[in-house]
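Participant: Encoded as structure tokens, here's the structure I'll be asking about.
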Amino acid sequence: MAYNFIECDRETGYLLPPSLHDWLPQGHLAWFIIDAVNYMDLTELYGKYRLDGCGNTAYNPSMMTALILYSYSHGERSSRKIERGCEVDIALRIITANKKPDYSTICRFRSENAAELKNLFTDVLRLCREAGLVKVGVVALDGTKIKGAAALSANRTHKHLEEEVDRMFREAKAKDEEEDTLYGKGKRGDELPEGLRERGSRMKRLQEAKSRLERESQEKANEQATKIV
């Protein structure tokens, strides 16, 4: 006899779909953000990089812009959590083309390009509005629920969008500073302790812990048996 379980095999190698376009449906917001950023003029951002190919390599500004915009649109302002998402979130892995920028890179890109990014974000929000990215009466981009349709022209002017974007960036800056204090520079906050990061040492530590717990249980059982006698 054997259990009739759906197989859960973590050892056999297999491939994800070879094309990123097969990872998420084309109607997903991540694809919309990528396309919207591609319509934006990123000249000012690209102008900060060398054209001769010299110097340290850098992540493409269009990718970094899409990454931050998509993350902020979901209410995620923490650069550390965005970094974690680049490892486990399919949408972020598509946006980054399976790259994994660390939190300090994300934070630095935002800080060094804040003025340009705010203008781009405002333009993208306006583009989303004009393109009809509306869901249940709101522009489905920012967690602040920017109203759509006629209400937007009356109450959600360009100035208001700029204020919303400013608020997003203030929140992001404050969150990164808070986490720098909480976790320390260079630490993401979710690292496993030393001795648990590699599978070999982790299995050893787990076995040692299990043995200690078994000894404690046996000692308690012996102590209880002595009391009964």
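Participant: Name the residues in region 63-105 that are small (G, A, S) and buried (at least 16 other Cβ atoms within 10 Å of the Cβ), would you?
Facilitator: Correct list: A66, S71, S73, S78, S79, G85, A91, S104.
Participant: Give R77, R108 a once-over and let me know the one that is at pLDDT 80 or above, in contact with a helix residue (DSSP H, G or I) (Cβ under 6 Å, 6 or more places away or on another chain) and of a type in the set (K, R).
Facilitator: Just a single option satisfies the conditions, and that option is R77.
Participant: Sticking with this structure for a sec: Working only within region 25-51, note down all residues that are of a type in the set (V, I, T) and farther than 19 Å from S73 by Cα.
Facilitator: Keep residues of region 25-51 that are of a type in the set (V, I, T), which gives 33-34, 37, 43.
Of everything in region 25-51, just one residue is of a type in the set (V, I, T) and farther than 19 Å from S73 by Cα, namely T43.
Participant: Right, something else. Anything in region 42-73 that is of a type in the set (S, T, Y) and free of Cβ contacts under 8 Å to residues at least 40 places away in the same chain? List them, or say none.
Facilitator: Once the filter is applied, which keeps residues that are of a type in the set (S, T, Y) and free of Cβ contacts under 8 Å to residues at least 40 places away in the same chain, region 42-73 yields T43, Y46, Y49, T57, S62, S71.
Participant: Taking region 21-43 as the search range and keeping residues that are at pLDDT 85 or above and acidic (D, E), which one is farthest from I94 (Cα to Cα)?
Facilitator: My answer is D41.
Participant: Determine whether region 47-60 contains at least one residue that is buried (at least 18 other Cβ atoms within 10 Å of the Cβ) and either more than 16 Å from the chain's Cα centre (by Cα) or in a helix (DSSP H, G or I) (or both).
Facilitator: No.
Participant: State which residue is surrounded by the fewest Cβ atoms within 10 Å (Cβ to Cβ) when the search covers only region 162-190 and only residues that are in contact with a Lys or Arg (Cβ under 7 Å, 6 or more places away or on another chain) and modelled with pLDDT under 75.
Facilitator: Among them, the one singled out is D190.
The values are calculated or read from the model by the stated rules, or taken from the named source; none is laboratory data. Bear in mind the structure is a predicted one, so any value in this text is a computation, not a measurement. For neighbour counting, all protein chains shown are included, and Cβ atoms are generated from backbone atoms with ideal geometry for every residue, glycine included.
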